[in-house]
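A.B. asks: Got a structure for you, written out below as structure tokens; questions coming shortly.
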Amino acid sequence: MANIMIRKSDKGYVFYMPKRDIEDSITSMEFDTPEKWGGEIKLGNGGAYYIEPQVAPERLPYSVRARRIDGVE
Amino acid sequence: MAALTREETEALIQEVLEVYPEKAKKDRAKHLMVNDKELESSKKCITSNRKSLPGVMTMRGCAYAGSKGVLWGPIKDVISISHGPIGCGQYSRAGRRNYYIGTSGVDSFCEMNFTSDFQEKDIVFGGDKKLAKLINEIEGLFPLNKGISIQSECPVGLIGDDIEAVAKKAAKELNKPVVPVRCEGFRGVSQSLGHHIANDSVRDWIITNRDGHPFEKTPYDVAILGDYNVGGDAWASRILLEEMGLRVVAQWSGDGTLAEMENTPFVKLNLLHCYRSMNYISRYMEEKYNIPWIEYNFFGPSKIKESLRKIASFFDDKIKEGAERVIEKYTPSMEAVIAKYKPRLQGKKVMLYVGGLRPRHTVGAYEDLGMEVVGAGYEFAHNDDYDRTIKEMGDATLIYDDVTGYEFEEFVKAIKPDLIGSGIKEKYVFHKMGVPFRQLHSWDYSGPYHGYDGFAVFARDMDMTLNNPCWNMMQTPWQEKPAKSLLKDPLLKAA
Ligand code: SF4
């Protein structure tokens, strides 16, 4: 589990992991509605993380715990 | 047009890598690439922020350098103690030329070296008592300091001193922020982690200090982040922002004060110049205080124009008009600068190797002068920096990460740039090779280079270096072809 921060850019969600200074675009997010948000997220570099599905944050950026599924060095 | 074609550049990389043993070769190959503007992400082509290879010459510094030297050092009314043996602080003292207004030793302390000067007994018995004593001494001798930061050097982390406890106690006694910073040099692979640690310490000990306090806001409040006022850079930037109607609340951290930093959460927009060293705190403020941040670039009129408009787009028409007014006001003087220097610099090739920002930020300024950056690299950049660099640089140019002394020399020999911009460690090597060189860390005792005023200085300095007549005198006399006048010399003829 790692802390990540999700922010919004003009191109969509951006993933940022402070611990390892990894910034990347989020290419897909499993759930992206106000009621259910998160699930599996895929990154531009091919990595994948899992965020416990939850109510969408009121505003971004938003720090959240995420589990690594795959990739990212 | 790059200096070499794509194939030639690739061949050059292969040739240079040839001397390394197999394993080292494999490792270094990942840090060198030929630029391809089409790429969206640098990830597959270049590896960065990795431990330097043992046995090669790296130009990197340590985490302590990143924290004390870059972020904490320039805050003028905070005394930063170099906690540990004396060398780390003394050999880096005042080297970055962070200008400030104030009286050294009275209310400003950037140039001084405060250290706990560890001796053997401190290593054996711990240095906490000494640190506490030192803090008291500082308070007695320099009562106008607004806060103290403790910058740990390697031994402090190794012996496990509890500087946090000392700091907490001292902060209570003095009623001032006393910030322990765990930036021991062995952490991380370069100074980059030091920036991060320093940002985190600001987050934990400084930034929330004035939450809930009254502050007279205006809708035009901004903060300059990541400008260290090297040679007066932040001043040259600040006047432009003020001229367009913004109010600059804080400068992080060149010529900055603790109070400014504490007031930063009240601003409307954070302006980030050095992304590498201060994105962390910007992100934090964005999340916690809902302050957006943008990167801007004040090198060269083209980029300044772009940046001023980008900054203005966050504000109302008054500021937008202000930006246009500023651009218009400086355009004639910038045109004059370009008219003067461009003919002397046109078509010249530059290779850069700097810290974490300038290799990409100065590209625009060189282009304004008709020059071309044919190779660029960073000491401690991360992949997101290279993502940004790919777009700035020309196709087929050479990009090198944490370049080794050997590689850099070989690249220069093959590419033959007209000018190199890098740091003091590289300067004399290239001078001796007969290549014009400017220090792009400290601006070679010159500056500012930011802003419109800075560009005039920048252009003059590049011309002064590049077209200096001394470069024609590099040939040793005995290798020189006999000059004509000598042959005609009647005395010689007679002999
Ligand atoms: S690596 Fe350690 S000992 Fe060396 S300068 Fe940095 S803090 Fe000091």
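A.B. asks: Count, please, the residues in the stretch A:1-25 that happen to be within 11 Å of chain B (Cβ to nearest Cβ) and not in a strand (DSSP E or B).
C.D. replies: Of the residues in the stretch A:1-25, 5 are within 11 Å of chain B (Cβ to nearest Cβ) and not in a strand (DSSP E or B).
A.B. asks: Filter the stretch B:178-201 for residues that are within 11 Å of the ligand (Cβ to nearest atom) and of a type in the set (D, E, K, R); which is nearest to the other protein chains (Cβ to nearest Cβ)?
C.D. replies: Top of the filtered list is B:Arg187.
A.B. asks: Continuing with the same structure: Within the stretch A:43-52, identify whether any single residue is hydroxyl-bearing (Ser, Thr, Tyr) and either assigned to a loop (DSSP other than H, G, I, E, B) or within 11 Å of chain B (Cβ to nearest Cβ) (or both), and answer yes or no.
C.D. replies: For the stretch A:43-52, residues hydroxyl-bearing (Ser, Thr, Tyr) and either assigned to a loop (DSSP other than H, G, I, E, B) or within 11 Å of chain B (Cβ to nearest Cβ) (or both): absent.
A.B. asks: Out of all the residues in the stretch B:154-173, is one or more in contact with a strand residue (DSSP E or B) (Cβ under 8 Å, 6 or more places away or on another chain), among the basic types (Lys, Arg), modelled with pLDDT of 95 or more and farther than 30 Å from B:Gly356 by Cα?
C.D. replies: Yes, the stretch B:154-173 contains at least one residue that is in contact with a strand residue (DSSP E or B) (Cβ under 8 Å, 6 or more places away or on another chain), among the basic types (Lys, Arg), modelled with pLDDT of 95 or more and farther than 30 Å from B:Gly356 by Cα.
A.B. asks: On the basis of being within 14 Å of chain A (Cβ to nearest Cβ) and farther than 23 Å from B:Trp252 by Cβ, does B:Tyr386 make the cut?
C.D. replies: It is true that B:Tyr386 is within 14 Å of chain A (Cβ to nearest Cβ) and farther than 23 Å from B:Trp252 by Cβ.
A.B. asks: For the stretch B:217-239, give me each residue that is hydrophobic (A, V, I, L, M, F, W, C), surrounded by fewer than 24 Cβ atoms within 10 Å (Cβ to Cβ) and assigned to a helix (DSSP H, G or I).
C.D. replies: Within the stretch B:217-239, B:Trp235, B:Ala236, B:Ile239 meet the criteria.
A.B. asks: Taking the criterion of being of a type in the set (S, T, N, Q) and either more than 12 Å from the ligand (Cβ to nearest atom) or over 24 Å from A:Asp21 (Cα atoms) (or both), would at least one residue in the stretch B:63-79 satisfy it?
C.D. replies: Within the stretch B:63-79, none of the residues are of a type in the set (S, T, N, Q) and either more than 12 Å from the ligand (Cβ to nearest atom) or over 24 Å from A:Asp21 (Cα atoms) (or both).
A.B. asks: From the list B:Tyr284, B:Tyr220, B:Tyr280, which residue is in contact with a helix residue (DSSP H, G or I) (Cβ under 7 Å, 6 or more places away or on another chain), at pLDDT 95 or above and of a type outside the set (S, T, N, Q)?
C.D. replies: Going through B:Tyr284, B:Tyr220, B:Tyr280 in turn, just one is in contact with a helix residue (DSSP H, G or I) (Cβ under 7 Å, 6 or more places away or on another chain), at pLDDT 95 or above and of a type outside the set (S, T, N, Q): B:Tyr220.
A.B. asks: Whether any residue in the stretch A:27-39 is at the interface with chain B (Cβ under 10 Å from one of its Cβ atoms) and not acidic (Asp, Glu) is what I want to check.
C.D. replies: no
A.B. asks: Another question, if that's okay. For the stretch A:5-54, how many residues are over 17 Å from B:Arg283 (Cβ atoms), among the charged types (D, E, K, R) and either crowded, with 19+ Cβ neighbours inside 10 Å or in contact with a Pro (Cβ under 6 Å, 6 or more places away or on another chain) (or both)?
C.D. replies: 2
A.B. asks: A follow-up question, please. Kindly evaluate B:Lys26 against the criterion of being within 14 Å of chain A (Cβ to nearest Cβ), loosely packed, with under 15 Cβ neighbours inside 10 Å and more than 16 Å from the ligand (Cβ to nearest atom).
C.D. replies: Here the answer is no, as B:Lys26 does not meet what is asked.
A.B. asks: Identify the single condition in (1) under 30 Å from B:Ala381 (Cβ atoms); (2) surrounded by 13 or more Cβ atoms within 10 Å (Cβ to Cβ); (3) within 11 Å of chain B (Cβ to nearest Cβ) that A:Pro57 does not satisfy, given that it satisfies every other one.
C.D. replies: Condition not satisfied by A:Pro57: (1).
A.B. asks: Select from the stretch B:202-215 the residues that are part of a helix (DSSP H, G or I) and not β-branched (Val, Ile, Thr) and write down the one among them that is farthest from the other protein chains (Cβ to nearest Cβ).
C.D. replies: B:Trp205
A.B. asks: Which of the residues belonging to the stretch B:454-495 are modelled with pLDDT of 95 or more, of a type in the set (A, V, I, L, M) and more than 19 Å from B:Pro417 (Cβ to Cβ)?
C.D. replies: Result: B:Ala456, B:Val457.
A.B. asks: Being within 25 Å of B:Val78 (Cα to Cα), more than 14 Å from chain A (Cβ to nearest Cβ) and of a type in the set (A, V, I, L, M, F, W, C), is that true of even one residue in the stretch B:280-289?
C.D. replies: No - not one qualifying residue is present in the stretch B:280-289.
A.B. asks: Hey, another quick one. Considering (1) out of contact with any Leu (no Cβ under 7 Å at 6 or more places or on another chain); (2) in contact (Cβ under 8 Å) with a residue 40 or more places away in the chain, say which one B:Ser313 fails and leave the rest.
C.D. replies: Only one criterion is unmet by B:Ser313, namely (2).
A.B. asks: Taking the residues in the stretch B:84-109 that are of a type in the set (Lys, Arg) and touching a strand residue (DSSP E or B) at 6+ places or on another chain (Cβ under 7 Å) as candidates, determine which candidate is farthest from the ligand (Cβ to nearest atom).
C.D. replies: B:Arg97
The values are calculated or read from the model by the stated rules, or taken from the named source; none is laboratory data. Note that this is a predicted model, so its numbers are computed, not measured. Positions of Cβ are generated from backbone atoms using ideal geometry, with glycine treated the same way; all protein chains shown enter the neighbour counts.
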